[in-house]
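Everything on this sheet refers to the single structure shown next.
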Amino acid sequence: MPAPHQVSQNCVFFCDPPKAAEYEYEFWNKIATHLNKNIVILCNRLARNYNAFVPALESFVEETNFKPDLVLIHTAFEPCLLRTGALPPTAMNKHFLNALEKMYDRLPYPKAILSSDPFFKNDSHEKFNVINYELFYFYVFNNIKQTAIPHKKEHKLSCLNRSARPGRVHLFTKLVNQEYFRDIHYSFLNKYMIKTPRNFLMYANRPQNKREYEYLFPLNMILDKDECDRTTKVFLENWDSFPIKIDDFVMYDECNLTMADAYTNSVCNLSTETFPVIYPFITEKTFKPISMGMPFFVHASAGSIEYLRSLGFDVYDDVIDHSYDNETDYLTRTNMLLDSVKKFMQSDYKRDRSREDFNSRHFYSEETYHKFYTQLIVELKKILKTSH
């Protein structure tokens with residue numbers, strides 16, 4: 001049962017695993033204080049034991065007489081669960097969605113689900129109140145101080161990969177045979193993937209309970225069998241090269257709360273986002289290079305670059321061909337991305353420090369912060385208002 005962590009008199013966290021959201025405590029205490037409301041966060045990062053959160057909250061309320069004004073659910077796999085029509089349903093997604101619905105329905109308080117989907121409006125879901133929460137922007141802003149941009153950088157392009165997410169597995173098998181691959185400051189720790197004696201790939205992360213992992217999900221729904229077979233073949237051929245390391249940051253918190261050498265010592269970055277299909281899901285993997293002012297590519301859903309452009313960031317359109325961002329077909333978009341990366345690697349690009357400084361300042365500006373913060377406050381107030 002997830003244990004409560006009482007951040008303050010009016011803010012309580014229930015988190016599985018307990019340390020996964022420590023960096024959010026101070027932020028949500030600020031929100032609760034701003035609203036002068038008792039807020040509870042149910043943070044299920046591993047998408048397991050949904051049925052344990054409500055009893056844990058009920059026990060805490062009974063023991064402490066804490067009266068929640070608002071309960072917010074923050075769950076893993078949220079993109080696949082809330083955008084139910086984006087991909088054909090799977091048994092795993094149905095299971096998680098059913099567990100989430102039961103948990104949501106049992107809560108006798110005003111409630112909402114936090115979503116990183118910038119285009120998912122509060123009235124867009126028939127079963128849940130949904131609030132846009134730019135978790136990963138706040139995550140970088142609140143926990144990583146603005147870093148001085150070095151005058152000299154050793155590498156032209158960096159690309160960091162920790163967990164063996166489907167899109168990263170697929171992109172690796174496309175990148176590894178490119179002539180410029182050896183020139184990329186590249187890592188792939190291949191976390192959570194296991195190769196069995198019979199050359200089956202298994203995913204060892206706890207949410208999957210060591211079941212055979214559909215390691216190309218959801219890509220196996222949009223790639224044909226030949227492309228899936230090619231991906232598996234190339235990945236297994238390179239198995240003995242993993243983990244590919246470029247620094248010592250291998251733990252979750254270290255990896256995410258540190259400006260690794262890949263950002264401070266590279267001119268450009270190729271960000272491999274968690275979900276390269278469904279919708280623009282922008283995490284710290286993209287916000288970090290932006291905060292360092294770097295030109296960047298994003299292996300992500302169509303519209304991701306356009307979303308970042310709309311936030312006022314310089315996406316270096318004259319340096320990088322981002323036309324891939326307009327392509328809705330995943331495989332075509334990935335091939336266009338690789339063509340763009342190749343052009344950049346063959347170019348004689350010279351850094352523009354003024355543009356780098358602009359993006360870094362814009363990321364850490366009060367204007368950008370308050371845009372997201374005010375938007376969040378407004379949505380939270382709507383939920384509170386409609387619940388009375």
## Note on the structure
Filtering the range 278-307 down to residues that are out of contact with any strand residue (DSSP E or B) (no Cβ under 9 Å at 6 or more places or on another chain), crowded, with 22+ Cβ neighbours inside 10 Å and closer than 17 Å to Leu338 by Cα yields Ser301
### Summary
Expected output for the range 270-297 (first residue farther than 24 Å from Leu219 by Cβ, partner at pLDDT 95 or above and in a loop (DSSP other than H, G, I, E, B), Cβ below 8 Å, 6+ apart or cross-chain) is Ile290/Phe313; Ser291/Tyr364; Pro295/Tyr316; Pro295/Val319; Pro295/Ile320; Pro295/Tyr349
### Query
Which one of Leu376, Leu311, Leu338, Leu384 is in contact with a Lys or Arg (Cβ under 9 Å, 6 or more places away or on another chain), under 30 Å from Tyr109 (Cα atoms) and not acidic (Asp, Glu)?
Leu384
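Could we say that Thr332 is of a type in the set (Ser, Thr, Tyr) and more than 18 Å from the chain's Cα centre (by Cα) here?
yes
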### Task
For residues that are of a type in the set (S, T, N, Q), closer than 12 Å to Phe14 by Cβ and more than 29 Å from the chain's Cα centre (by Cα), tally how many sit in the range 34-64.
1
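Residue-wise test of (1) closer than 26 Å to Lys385 by Cβ; (2) without any contact (Cβ under 8 Å) to a residue 40 or more places away in the chain.
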position: Ala21; (1), (2): no, no
position: Val40; (1), (2): yes, no
position: Leu46; (1), (2): no, no
position: Phe53; (1), (2): yes, no
position: Ala56; (1), (2): no, no
position: Glu62; (1), (2): no, yes
## Note on the structure
Of the residues in the range 320-343 that are surrounded by fewer than 17 Cβ atoms within 10 Å (Cβ to Cβ) and among the β-branched types (Val, Ile, Thr), the one that is modelled with the lowest pLDDT is Thr328
### Task
Name the helices (runs of 4 or more DSSP H) wholly inside the range 297-375 in which the number of residues that are within 22 Å of Asn265 (Cβ to Cβ) is 1 or more.
330-346, 353-363
### Task
Could you list, in sequence order, all residues of the range 24-49 that are in a strand (DSSP E or B) and under 28 Å from His95 (Cβ atoms)?
Val40, Ile41, Leu42, Cys43, Asn44
### Query
touching a Cys at 6+ places or on another chain (Cβ under 9 Å) and either among the acidic types (Asp, Glu) or surrounded by 19 or more Cβ atoms within 10 Å (Cβ to Cβ) (or both), is that true of Phe313?
no
### Summary
The residue that is surrounded by the most Cβ atoms within 10 Å (Cβ to Cβ), considering only those in the range 111-127 that are modelled with pLDDT under 80 and among the polar types (S, T, N, Q), is Asn122
#### Entry: Positions within the range 141-168 being surrounded by 17 or more Cβ atoms within 10 Å (Cβ to Cβ) and in a loop (DSSP other than H, G, I, E, B), in sequence order
Ile144, Ile149, Lys153, Leu160, Asn161, Arg162, Ala164, Arg165
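The values are calculated or read from the model by the stated rules, or taken from the named source; none is laboratory data. Source: prediction; values computed, not measured. Cβ atoms come from the backbone with ideal geometry, glycine included; neighbour counts cover every protein chain shown.
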